[in-house]
Structures are given as structure tokens and as C-alpha cells.
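A short write-up of the structure that comes next.
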Amino acid sequence: MAFTEARSTSDADPGRLAARIRTVGGQRGSEAARLTSAQKLEIWQHLYRNRMVEERLGLLYRTGKVVGGLYTSLGQEGISVGSSYALEPHDWVGPLIRNLGTMLVRGVRPREAFTQYCARATSPTGGRDGNTHFGDLKRRLIAPISHLGAVIPVMAGIALASKMRGETCIALTYIGDGGTSTGDFHEGVNLAAVLRVPLVLIVENNGYAYSTPTSRQTLVPDLVVKADAYGIPGEIVDGNDVLAVYDATRRAAHVARTGGGTVLLEMKTFRMKGHAEHDDAKYVPPELFEQWRQRDPIARYDRLLEDEGILTAKEREFRVAELKAEIDADADFAIASPEPDPAFASGRVYADDGGPGGLPWR
């Protein structure tokens, strides 16, 4: 008996985007249709701020200012921005290290991101961590961590607490395609499903877990089928269409908020860089980059707003200049900020230790 390769189609082939669609929580497009012109412009600003901050972080990394690694979301900004914009202020969100856009939508300023990555004393953690490992409970923002899947059980617990208290808030978090094979993913999703907690889980499927194509770690063609395994609703979404992401997230949030339990959204996208700033991504076929470049979420949104008469090319140029000035000032602030006092490293090890500087525990 001869054995053949089970899957030959590229994991990140844009042509497979709509392979399996199941609408969750209402008519597709209904939520995005309610957005006003002002709201669409606000989404535009978040998209551009996300990309411009990460581009500046790349420059800071290459000039030795960033402490530690840098994991950016070039080409995936539509997922972070669209999903977090769809939430209510009282909802909880747990981003991963590639969801800086989610944090910006939640009110984090570029200055906070720059000082954090540069490990400055003025950063949210006082220079304790050179990455986006910080949160803010007032913003209902749970700190991102690098351990893939580990945030899912945490967010399931937050969603369970919300349900037990009779609150109307939901919890939302993210996982990559590779992370869906972790034990934390299975245990967190299964627990959330069985207890019917108001959790929305977004799988950012960009076809690669670091350098491993998705087909090398699972034989299912679409990760949304995992929703069936746990008995929860699921849907495939065009992750490079920010309004489609917003729409699907709003509908999923409604299902979770009204007692429908946990929802899984698989968002098809592609990371237009390597796994991290040090990775040249030579393992990715060059034609894939070109195919997905045509689906760039920001360029697509620019064309949509121009077609709708919401943002002209001249107005866009003016707004981009304003954002650049903001980012220049915040990056300069971070570079000029002092490094932390070495004595600070011994503080805040225990929950009752405020440590030097009196910074709040995060």
C-alpha cells in the first residue's frame, strides 16, 4: 500500500480563504454596516498607529535600543484592531506579544510601548521587562506573555467569574495556529466550552508556527474544525479585512454575552515578516509574500475609505504626518528616559512588596 502526502496545498494559500464558512450569531456584515464614518476613521487611525509603532520598534531594535526580542504583526494588524474595536469597554481582553494593536485600541499609548521595549525606568513595569509583558486592570487588559496557550485558561477563568457574578462582560484572547496544538489550548477551550463561559477565542492562522508550516503540525485543513471537537460555534474570517474581523467579533461577542458560551473564530492571515526581527523568513516561498502583499489589510482599508468618500489621499497624507509626529515624540521620550535603578530588580518579587518607586503591581 502506497502512502502519499495528505496535503499539498500551501498552508497560507489565499485561495483557500473561504474553504469553510459558518456564520456565528447573526447575518454576516450586519454589525460592520452600523459603523459610522467617524468610527471607520478611528479604526483607520488604530491600523496606521499599530504599523507605524512597530516599524519604529524595528528601527530601535536594529540600533540596539530594544532590550530582548521583537515580535511584530506586519500584515496581521487587521485582526488585533478589528477584534478589540468590536469589544465593549467593560469586556476583558488578553493579547499575545503580537497583538500590540489590541493594546493600542485599549488606550495604551505608543510611549508606553516604546519605554517598555527599551526597558526604561519610565515604562509600565519600571524597566523590569523588555517586551510587551504588561497589562492594566483599569483598562481590563491582561498582560501578554510569551507562553503560547497559557493565557487561554486565564481568560476562561475571567469569563467564568463574570458569569458567576451575573455580569454582562465577556473575555477575548488570541492564539496562533501552532498554539492550537498545545495542552493549554485544549484544557482551556474544553473547560470554557463545558462551563459555557462567555469567551471568544481568535485563532490567528498565518500558516506558519515560526518556520513550521501548519500542515506539518496538523492534518486538518481549517483549524475551525476544532470548534466542532469542543461542541462550540466556529467561523472562518478573512483576517486581512478589518471590517470582516470587526463584524465577526461583534457577532461572536453577542453569542457569548447572551448565554451562548464560548466561540472560536479562525482568522486567515499571513505574517509579512519572519517569526521575530532576527528571522529572515527564508523558509517562506517568495511567491507567498507577493500573493499576500496584494491583500495587505491597511492598503485594502485605504481603498475602501477612499471609495466611500470618507478619506481622500490628501487627507490621509495629513493624518499620517500627524501620527508620525506623535510617534517621533514618544520614541524620543523613550530613548531619553533613564534606565532603571539596579536596586529595583529586588523589589516587587512578592505581592505585598511595592518595591522602589512605588509603582502599582501589574
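Results, tabulated for the structure shown:
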quantity	calculated
Qualifying residue in segment 132-151 (condition: at pLDDT 95 or above, over 20 Å from Leu100 (Cα atoms) and of a type outside the set (S, T, N, Q))	no
Selected residue (only one of Pro356, Pro342 is over 30 Å from Val24 (Cα atoms), at pLDDT below 90 and surrounded by 13 or more Cβ atoms within 10 Å (Cβ to Cβ))	Pro356
Qualifying position, being over 30 Å from Leu323 (Cβ atoms) and over 16 Å from the mean Cα position of the chain (by Cα), among Cys118, Cys169	Cys169
Qualifying residue in segment 293-302 (condition: at pLDDT below 95, surrounded by fewer than 17 Cβ atoms within 10 Å (Cβ to Cβ) and out of contact with any Cys (no Cβ under 9 Å at 6 or more places or on another chain))	yes
Residue under evaluation Ile335, criteria (1) surrounded by fewer than 16 Cβ atoms within 10 Å (Cβ to Cβ); (2) closer than 30 Å to Val200 by Cβ, criterion not met	(2)
Which listed residue, of Glu77, Glu42, Glu31, Glu112, is more than 16 Å from Thr173 (Cβ to Cβ) and surrounded by 24 or more Cβ atoms within 10 Å (Cβ to Cβ)	Glu77
Test: residue in segment 132-149 that is more than 27 Å from Ser346 (Cα to Cα), among the hydroxyl-bearing types (Ser, Thr, Tyr), surrounded by fewer than 24 Cβ atoms within 10 Å (Cβ to Cβ) and touching a residue at least 40 places away in the same chain (Cβ under 8 Å)	no
Within segment 256-292, considering residues that are part of a helix (DSSP H, G or I) and among the charged types (D, E, K, R), the one surrounded by the most Cβ atoms within 10 Å (Cβ to Cβ)	Arg257
Answer from Gly94, Gly82 - the residue that is over 20 Å from His133 (Cβ atoms), within 11 Å of the chain's Cα centre (by Cα), of a type outside the set (A, V, I, L, M, F, W, C) and buried (at least 23 other Cβ atoms within 10 Å of the Cβ)	Gly82
Residues located in segment 212-255, provided they are crowded, with 20+ Cβ neighbours inside 10 Å and in a strand (DSSP E or B)	Gly234, Glu235, Ile236, Val237, Asp238
Residue within segment 30-44 that is within 17 Å of the chain's Cα centre (by Cα) and on the phi < 0 side of the Ramachandran plot present	yes
Of residues in segment 45-74 being more than 17 Å from the chain's Cα centre (by Cα) and among the hydroxyl-bearing types (Ser, Thr, Tyr), the one surrounded by the fewest Cβ atoms within 10 Å (Cβ to Cβ)	Thr63
Verdict on Arg106 being of a type in the set (Lys, Arg), crowded, with 24+ Cβ neighbours inside 10 Å and either modelled with pLDDT of 95 or more or farther than 20 Å from Ala253 by Cα (or both)	no
Qualifying positions in segment 293-309 - under 26 Å from the mean Cα position of the chain (by Cα) and part of a loop (DSSP other than H, G, I, E, B)	Gln294, Arg295, Asp296
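The values are calculated or read from the model by the stated rules, or taken from the named source; none is laboratory data. As the structure is a prediction and not an experimental result, all values here were calculated from the model. Cβ sites come from the backbone with ideal geometry, for glycine too, and all protein chains shown count toward neighbours.
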